[in-house]
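Have a look at the structure below before the remarks.
What follows is calculated from the coordinates using simple rules that are stated; it is not laboratory data. Note that this is a predicted model, so its numbers are computed, not measured. Glycine also receives a Cβ, built like all others from the backbone with ideal geometry; neighbour counts cover every protein chain displayed.
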Amino acid sequence: MLHSRLLKYLDEVARLGSIRKASARLNVASSAINRQILALENELGTPIFERMPRRLRLTATGEVLIAHVRETLKGHARVESHIEALKGLTRGEATIATMNGLAAGPLPRFLSGVLDAHPRVHIRLRVLPLDQITNAVLTGEADLALTYNPVSSAGIRIVASYDLPIGAVVSAKHPLAKRRQVRLADCAEFAMAISDHSMTIRPAVDLAFTHANIPLHPTIETNSIEFMKKIARSGQAITFLNPVDVAEEVGAGELRHLELQEMAGHPIALKLMVRARSALDTFPSLVVEELRKAMPRLDPVDAD
């Protein structure tokens, strides 16, 4: 019923929600993809996709089918990997789901060891909203995910977890940078650029200010970590981030990450996760281990 070319068509259309976009990605005529999908729907006797005004959405039948499609594609990739290994080559493929702040920040550094040791590999990095990351792993769209405070699920296994302290981030020339001890009340005296409510760090900041009985009046609210780092670097405002977010800038002497006693009880959890009921292929397993080694003090947790 399903041959390899159709499997790829279905996977891309489901990912992109559009036959036209899948056509461009696969370099195949839209009419050819549409014709094969219609033929399959006719064979099954039920629609795979719901045709909406601006996109295609999987039906209940489509959700069941796409899970099978992705498992089959992974099986193909596994066989190809084994064949390449028999030829003496070192190839592999892994899909990582993550957040924009991690992709634009420490993740390239975390992956450098893998890329140096395995130059023939193919890594697909998917930047997704927080509420979609867990589902990407559950559905097989991603092999693993690295994210802050992920949505919990019985189908997810956390393979490594690290609590990161939130601190005040200031320019190296900022008056607070010279102090031995900094409190939230000190920060409140300056303009603050903080994360908006769409970001995982915001609840911890709100809670810390509430417990300290200090009104929170940010000058700027944003969902861009890059913006927060740049405005802190300029000295125009201070912000609140974890040390992983600013490791490169702190190492370059551009920013300071200042510990805050009031934030100590409200860390943000950086977690590495995979599907609970599915064994990883060889290369994704290698990526997981390399990420655990690359991230400072990233300690493994119980698999239960």
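A Förster radius of 41 Å combined with the Cβ-Cβ distance from S30 to T210 puts the calculated FRET efficiency at roughly 0.15. May I ask for the angle, rounded to the nearest 10°, between helix 282-294 and the longest principal axis of the chain, with both axes built from Cα atoms and the value confined to 0 to 90°? Relative to the chain, helix 282-294 is tipped by roughly 0 degrees. Between A67 and L38, the distance separating the two model label sites (each 7 Å from Cα on the Cα→Cβ line) works out to 3.0 nm. Dividing the Cα radius of gyration of the stretch 1-89 by its Kirkwood radius returns 1.04 for Rg/Rh. Spacing of the modelled spin labels on R179 and K230, each 7 Å from Cα toward Cβ, amounts to 2.8 nm. Each Lys and Arg adds +1 at its Cβ and each Asp and Glu adds -1 at its Cβ; summed about the Cα centre, the chain shows a dipole of about 760 debye. Between the residues L44, C187, V169, the greatest Cα displacement towards the positive end of the dipole of the chain, with unit charges on the Cβ of Lys, Arg, Asp and Glu, is found for L44. In plain terms, the bigger the Kirkwood radius, the slower the diffusion; for the stretch 166-266, with that radius from Cα pairs, at 25 °C and 0.890 mPa s, Stokes-Einstein puts D at 186 µm²/s.
Think of the chain as having a plus end and a minus end, set by charges on the Cβ of Lys, Arg, Asp and Glu; of I33, I231, A294, I33 sits farthest toward the positive end of this dipole.
The angle between the Cα long axis of helix 225-234 and the longest principal axis of the Cα atoms of the chain comes to about 30 degrees, rounded to the nearest 10. The angle between the Cα long axis of helix 202-211 and the main principal axis of the chain comes to about 30°, on a 0 to 90 degree scale. The dipole here belongs to the stretch 143-276: it is taken about the Cα centre, uses +1 on the Cβ of Lys and Arg and -1 on the Cβ of Asp and Glu, and is about 220 debye.
Can you classify the stretch 187-241 as rounded, prolate or oblate using the Cα gyration tensor, where a ≥ b ≥ c are the square roots of its eigenvalues, rounded means a/c under 1.5, and otherwise it's prolate if a/b beats b/c and oblate if not? In terms of gyration-tensor shape, oblate.
Here the spin labels are modelled as points 7 Å beyond Cα on the Cα-Cβ line, and at D196 and R55 they lie 1.9 nm apart.
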